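> Handing you a structure now.
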Amino acid sequence: MPSSAIIGHKKQLLQLAQDLETDNLSHAYLFTGAAHIGKTTVAKWFARQILVADTPLEQAEQAANAIERLIHPDFLMLDQLWMEERMEDWNIIAKSSNIPQQHRAEKKLKTDSISIDDMRLIQGRLYETGDLPHRVCLIHGIERMQGPAVSAFLKILEEPPPGRVFLLTTDAASSILPTIVSRSRVLGFERVGARDIKTILAELEPADVSFITHISRGAPGLAMQLRDDPDLLRDERLLHTHAVAYWEASNLHERLILLKPLLERGNESERLLFHLALALRSNPNAVRSHERALQQLSEALETNAMRGLQVQEFALSA
């Protein structure tokens with residue numbers, strides 16, 4: 001993928017290219033910014049530039065293809081994790097991770113946390129000998145790493161094997177330990193402009209372009225998901241319609257019905273919260289107390305305690 005195919009982030013691409021051209025690679029990069037704005041896309045592009053630069057010209061295309069398919073021996077990637085009852089499809093996992101995860105299935109893990117066992121497997125791969133001067137490890141969502149896994153990772157960062165480069169991404173920079181941040185070269189990623197988002201929606205109907213541009217909020221990854229998945233686009237339209245209707249509802253019963261998805265933890269609940277916030281910003285009758293109430297609800301639902309009661313109290317405050 002040429003850098004010209006990446007939506008936005010020209011400054012970051014230029015800096016990374018300069019690091020490679022001047023032989024000034026860091027052993028660890030930390031890409032921070034909102035979800036779906038392109039951090040992982042840029043990280044994979046940078047991994048290709050690093051590894052292809054060490055490959056003879058006639059083999060460069062083959063190497064790039066192997067990296068994209070996650071079968072290149074010098075490219076490690078950890079993204080989606082096996083989780084009992086939530087992510088058990090190995091075909092889906094294999095599209096974003098090439099670190100073995102059978103140990104997670106054997107232990108019937110239920111969390112999205114990167115464990116010490118995951119780190120041990122990465123560490124073992126890092127110390128294997130290879131044909132290239134560099135080996136790149138991309139870890140998506142480094143904030144998922146906790147406890148002993150963090151300690152093991154810090155030891156690697158303190159004394160990294162020669163030629164190893166970590167590309168780390170996070171949507172929650174404030175939760176990353178300062179010791180990891182201080183040992184990484186940090187690149188912040190901003191949301192891209194509406195004009196850039198619309199370039200990837202050119203074949204859609206104007207109404208769809210307007211809606212996707214509005215709710216993607218400068219996140220090319222989300223815009224492309226909605227562009228390519230009609231069912232997802234339909235579901236997002238329905239949630240947004242419910243969110244708008246909630247702020248216009250005149251009675252408690254109607255509001256409670258519209259808030260029903262919030263009673264269960266999951267993606268639908270999280271997306272409804274997002275649409276409630278988005279609809280509130282566009283509501284000319286919105287008042288500050290509504291913003292505070294929605295923020296309090298969002299924080300309360302993170303604990304998963306008494307969700308029904310929290311939802312009722314929110315509905316009463318509208």
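The values are calculated or read from the model by the stated rules, or taken from the named source; none is laboratory data. Just so we're clear, the structure is a prediction, and the values are computed from it rather than from any experiment. So basically every Cβ, Gly included, is an ideal-geometry build from the backbone, and we count neighbours across all protein chains shown.
> Filter region 232-249 down to residues that are part of a helix (DSSP H, G or I) and small (Gly, Ala, Ser) and give me whichever is nearest to the chain's Cα centre (by Cα).
Ranking the qualifying residues of region 232-249, first place goes to ALA243.
> On to the next question. Looking only at residues that are of a type in the set (D, E, K, R) and in contact with a helix residue (DSSP H, G or I) (Cβ under 8 Å, 6 or more places away or on another chain) in region 108-118, which one is farthest from HIS140 (Cα to Cα)?
Filtering first and then ranking leaves ASP117.
> Sort through THR241, THR303 and tell me the only one that's under 26 Å from ILE212 (Cβ atoms) and among the β-branched types (Val, Ile, Thr).
Sole residue among the options that is under 26 Å from ILE212 (Cβ atoms) and among the β-branched types (Val, Ile, Thr): THR241.
> Filter region 219-261 down to residues that are of a type in the set (Ser, Thr, Tyr) and surrounded by fewer than 18 Cβ atoms within 10 Å (Cβ to Cβ) and give me whichever is nearest to ARG191 (Cα to Cα). Full working, then the answer.
First, the residues of region 219-261 that are of a type in the set (Ser, Thr, Tyr): 241, 246, 250.
From the residues that got through so far, the ones that are surrounded by fewer than 18 Cβ atoms within 10 Å (Cβ to Cβ) too are 241, 250.
Values: THR241: 24, SER250: 35 Å.
Across region 219-261, the extreme among qualifying residues is THR241.
> Look through THR22, THR55, THR32 and report the one residue that is of a type in the set (Val, Ile, Thr), surrounded by fewer than 16 Cβ atoms within 10 Å (Cβ to Cβ) and either in the same structural domain as PRO178 (by TED's automatic domain parsing) or over 30 Å from SER115 (Cα atoms) (or both).
Only one candidate passes the filter, namely THR22.
> Filter region 122-137 for residues that are surrounded by 14 or more Cβ atoms within 10 Å (Cβ to Cβ) and in contact with a strand residue (DSSP E or B) (Cβ under 9 Å, 6 or more places away or on another chain) and give the result.
Correct list: ILE122, ARG125, LEU126, HIS134, ARG135, VAL136, CYS137.
> Any residue in region 245-267 that is charged (D, E, K, R) sitting within a Cβ distance under 9 Å of a residue that is part of a loop (DSSP other than H, G, I, E, B)? List the pairs, counting only those 6 or more apart or interchain.
Every condition considered, the pairs that remain are GLU248/ASN283; GLU248/ASN285; ARG255/ALA249; ARG255/ALA318; ARG265/ASN304.
> Could you check ARG144 against (1) under 30 Å from PRO230 (Cβ atoms); (2) crowded, with 18+ Cβ neighbours inside 10 Å; (3) under 19 Å from the mean Cα position of the chain (by Cα) and say which number it fails?
(1)
> Same structure again: Is it fair to say GLN312 is modelled with pLDDT under 95 and in contact with a Leu (Cβ under 9 Å, 6 or more places away or on another chain)? Break it down stepwise before answering.
Values: modelled with pLDDT under 95: yes; in contact with a Leu (Cβ under 9 Å, 6 or more places away or on another chain): yes.
Taking the combined requirement at face value, the residue satisfies it.
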